[in-house]
Amino acid sequence: MNLSGARTLITGGSEGIGYGIAEALKAKGAVVAIMGRNQEKLDAVAKKLGVKGIQGDVSLEADAEAAVSHFVAEFGGIDILVNNAGFGYFAPLVELDKEKFEAVFATNVTGAMLMGREAARHFVQQESGTLINISSTSGLSGGKTSTAYSGSKFALRGMTECWRAELRPHNVRVMLVNPSEVQTDFFAKMGRQQVQSPKKLRAAEIATAIVGALEIDDRGFIPEFSVFATNPF
């Protein structure tokens, strides 16, 4: 697709991978809006990037409905939804906290469904659109203490396959992106330390891969791809 003028809504767009995607698509001429929960942070990032900020929590049905409705009303439709909002919680099975576990699924799974549902209604009506779910290589292979996070990403992968089957007859491309470790604030938010390295992935690499996938002519698409660092060690 031609990204110039492509109307794009990115959840979790005020930091990390979402910020990188917003920056890359804006540079390609796309019309971009980012969604986030923190109004002050959202406003500052939107101003810096020169995009629109839409405040809301993807896990709340009313917020998801309002965000997509607001976006469509302002821009006359929606061409791309990037479901990027998400976070992690890590603990051994015997120590899992039910509320924290459910909070991860509320954002990573239910939030993606709510945003995807609202955007898909417009995609079907338009007979066009692209839905991108940002998952993780943790959604391909589970690991110790990753029940909540990996579980949510496995669920997102399953939902992506269902949506792809439903929406392809309406000319809608549904993609899943699986980044491996990316140097963002993801770990810091959980109180965990991430070893920084010039060899590890940055948000920019994920964004560049997504831009490339989007720019394929609309008659074709990449259903799923993973992005790994060449040699992070």
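When I34 is tested against (1) in contact with a strand residue (DSSP E or B) (Cβ under 6 Å, 6 or more places away or on another chain); (2) in a helix (DSSP H, G or I); (3) not hydroxyl-bearing (S, T, Y), only condition (2) is not met. Looking at G56, G36, G12 in this structure, which one is under 17 Å from the mean Cα position of the chain (by Cα) and farther than 21 Å from I206 by Cβ? The unique qualifying residue is G56.
For the range 128-139, the candidate set comprises residues that are of a type outside the set (G, A, S) and within 9 Å of the chain's Cα centre (by Cα); within that set, the residue that is nearest to I80 (Cα to Cα) is I132.
Within the range 50-71, the set of residues being closer than 14 Å to T8 by Cα and either buried (at least 19 other Cβ atoms within 10 Å of the Cβ) or at pLDDT below 95 (or both) comprises V51, G53, I54, A67, V68, F71.
Condition check ((1) surrounded by fewer than 17 Cβ atoms within 10 Å (Cβ to Cβ); (2) more than 16 Å from V58 (Cβ to Cβ)) across all residues:
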site	(1), (2)
A103	yes, no
M115	no, no
A120	no, no
L140	yes, yes
G158	yes, yes
V177	no, yes
V182	no, yes
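If only residues of the range 39-49 that are of a type outside the set (D, E, K, R) and either surrounded by fewer than 17 Cβ atoms within 10 Å (Cβ to Cβ) or in contact with a Pro (Cβ under 7 Å, 6 or more places away or on another chain) (or both) are counted, the one that is farthest from A106 (Cα to Cα) is A44. In the range 222-233, the residues that are hydroxyl-bearing (S, T, Y) form Cβ pairs under 8 Å with partners that are surrounded by fewer than 13 Cβ atoms within 10 Å (Cβ to Cβ), at six or more places apart or across chains, as follows: T230/K199.
Is it the case that some residue within the range 140-161 is assigned to a helix (DSSP H, G or I), basic (K, R) and more than 14 Å from the chain's Cα centre (by Cα)? No, every residue in the range 140-161 fails to be assigned to a helix (DSSP H, G or I), basic (K, R) and more than 14 Å from the chain's Cα centre (by Cα). Every listed requirement among (1) touching a strand residue (DSSP E or B) at 6+ places or on another chain (Cβ under 8 Å); (2) touching a residue at least 40 places away in the same chain (Cβ under 8 Å); (3) hydrophobic (A, V, I, L, M, F, W, C); (4) surrounded by fewer than 23 Cβ atoms within 10 Å (Cβ to Cβ) is met by F87 save one, (1).
The values are calculated or read from the model by the stated rules, or taken from the named source; none is laboratory data. Computed from a predicted structure; not experimentally measured. Using ideal geometry, Cβ is built from the backbone for each residue, glycine included, and neighbour counts are taken over all protein chains shown.
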